[in-house]
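Structure, as structure tokens:
What follows draws every value from the coordinates through simple rules; no lab data is involved. Owing to the predicted nature of the structure, the values given are computational and were not obtained by experimental measurement. Positions of Cβ are backbone-derived with ideal geometry, glycine not excepted, and every protein chain shown enters the neighbour counts.
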Amino acid sequence: MSQAPSRARSAPAPSAGDPEPGADPAADPAARRSPTDRAAHRGAALVTGASSGIGAAVARRLAADDGWHLVLNGRDTTRLTRVAEQTSAAFFPADLTHPGAERRLAEFTLRRAGGVDLLVACAGIGWAGNFGAMPRPAIDDVIDVDLLSTMRLVRQLLPHMVAAGSGRVVLVGSLAGVVGVRGEAVYSAAKAALAAFADALRYELRGTGVGITHVVAGVVDTPFFERRGVPYRRSWPRPVPPERVADAVCRAALRGRDEVYVPGWLRLPARVHGAAPALYRRLAAKYG
């Protein structure tokens, strides 16, 4: 059975003149801890999409659970810097869709933290509207951000976890990837692929000590809807705060759970969809 992150790791001291983003000692908690403090670490955690929303909430939640050496990634440098200051984390601003960005982020994280015990992949974007009206660049962006960049980063870090014999990858998905959502065809497809990726990888890693957690989130109160261009207008289900998802992410990672729904009642429509797809489609067509 796969294991939750468990081993402590001492972070190497930063090299003089290190030019990488966020590599200054003031931004690195390891530079301010004594060797005794570092020995008590839970380990090193990398959070992507950490400049806002779920990723920022996960960073704050891990920082509150003292003992993690945090490295944060996001595309918005200003917001990411603010979150890093709040959480005493090292940070690496980068758009992971750019060629080689995932390699540079992995190298930065391994150099700064000495390894990775926990990867929480939160980066994601959306686009709402009829598929026929969706521009080609928007299709590419959603697939690249929500699926391909995450897969590429996991591929960079996974060999290090397997070699160490422990670690956990948390992939933040969506209910849209389980049941499909009207007006979000490409987003649903990307999140469905992420769910399948989590399942397949979990089977592949059996016996290695490395675990995969898939977090199925519902509607979350984040800037996601503003950025996709269409606000969330439904009265039900109500959006949950990102802190609720962050709590679920951290509990699942520490307990070694394979799959978590946030909120928990989302398992019901997912099960109806799986057990009686025709019935689910009729209900979805009627109630939206």
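What is the packing order of peptides 100-107, 200-207, 186-193, 115-122, taking the mean over residues of other C-beta atoms within 10 Å and listing the highest first?
In decreasing order of mean packing, 100-107, 200-207, 186-193, 115-122 become 115-122, 186-193, 100-107, 200-207.
Report, by chain and number, residues whose modeled amide H sits under 5 Å from the one on T213, excluding near sequence neighbours (fewer than 5 apart, same chain).
Under 5 Å from the amide H of T213: V169, V170, L171.
So how compact is segment 47-98: Cα radius of gyration and Dmax in angstrom?
In Å, with Rg to one decimal and Dmax whole: 9.8, 33.
Could I have the simple spin-label model distance between D140 and R255, label points 7 Å from Cα toward Cβ, reported in nm to one decimal?
4.3 nm
Using a simple spin-label model with points 7 Å from Cα along the Cα→Cβ vector, what separation in nm is obtained for D76 and D95?
Going by the 7 Å Cα→Cβ label model, 1.6 nm.
Taking 51 Å as R0, compute the FRET efficiency from the Cβ-Cβ separation of A64 and A133 and round it to 0.05. Before the final figure, lay out the partial values.
Numbers: r = 43 Å, r/R0 = 0.84.
Efficiency, from the Cβ-Cβ distance: 0.75.
Order the peptides 78-87, 243-252, 131-140, 166-175 from the highest to the lowest mean number of other Cβ atoms within 10 Å of their residues.
Put in order of decreasing packing, that is 166-175, 243-252, 78-87, 131-140.
Restricting attention to the alpha-carbon atoms of segment 81-172, what are Rg (one decimal) and Dmax (integer), both in Å?
Rg and Dmax of segment 81-172, Cα atoms, are 15.3, 47 Å.
Multiply the residue separation of L268 and D199 by 0.36 nm, subtract the distance between their alpha-carbon atoms, and state the gained length in nm to one decimal.
Here the answer is 22.9 nm.
Contour minus end-to-end for E107 and Q86, with contour as 0.36 nm per residue of separation and end-to-end as the Cα-Cα distance?
Length difference between fully extended and current span is 5.2 nm.
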